[in-house]
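The values are calculated or read from the model by the stated rules, or taken from the named source; none is laboratory data. Note that this is a predicted model, so its numbers are computed, not measured. Neighbour counts run over all protein chains shown; Cβ positions are idealised from the backbone, glycine included. Accessible surface areas use protein heavy atoms only, side chains included; no ligands, DNA or RNA. Shrake-Rupley method; radii C 1.70, N 1.55, O 1.52, S 1.80 Å.
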Amino acid sequence: MPAEPDDHFFVVDGRRWRRTDPTIPDDVAAALRSHLGRGRNAVKRAKRDGDEAALAEARHRNGLAKHGLGERGPEWWTRPEDERVDDARRALCELDALDEDPS
């Protein structure tokens, strides 16, 4: 049964944000949040340093993590659960591969 619309979003300082997909396994969601946190820190560092390439890489990491968590992209509550979980796992694999890339 899909969540009620109020369960899809939360509001902070008058701005509406999409909630994380609650069907994503806890270990996958935790790993995605870890990548998101590292990406947010990298955005701050890149902005401070004026490094446009690093900024683009950090924003790419954030986008992958947010899509994996269901916070961006298609509305998670309109999609089948197995597709959503597969997408989250795929995003995590892409993010983990970024850490393996020596560049």
- Length gained when the stretch residue 98-residue 10 is fully extended (0.36 nm per residue, less Cα-Cα span): 28.7 nm
- Rounded to the nearest 0.05, what FRET efficiency do residue 79 and residue 45 have when you use their Cβ-Cβ distance and R0 = 25 Å? 0.15
- Result for the chain: accessible area per residue, probe 1.4 angstrom, in square angstrom, of 67 Å²
- Report the full-extension gain for the segment residue 33 to residue 54: residue separation times 0.36 nm, less the Cα-Cα distance, to one decimal in nm. 5.6 nm
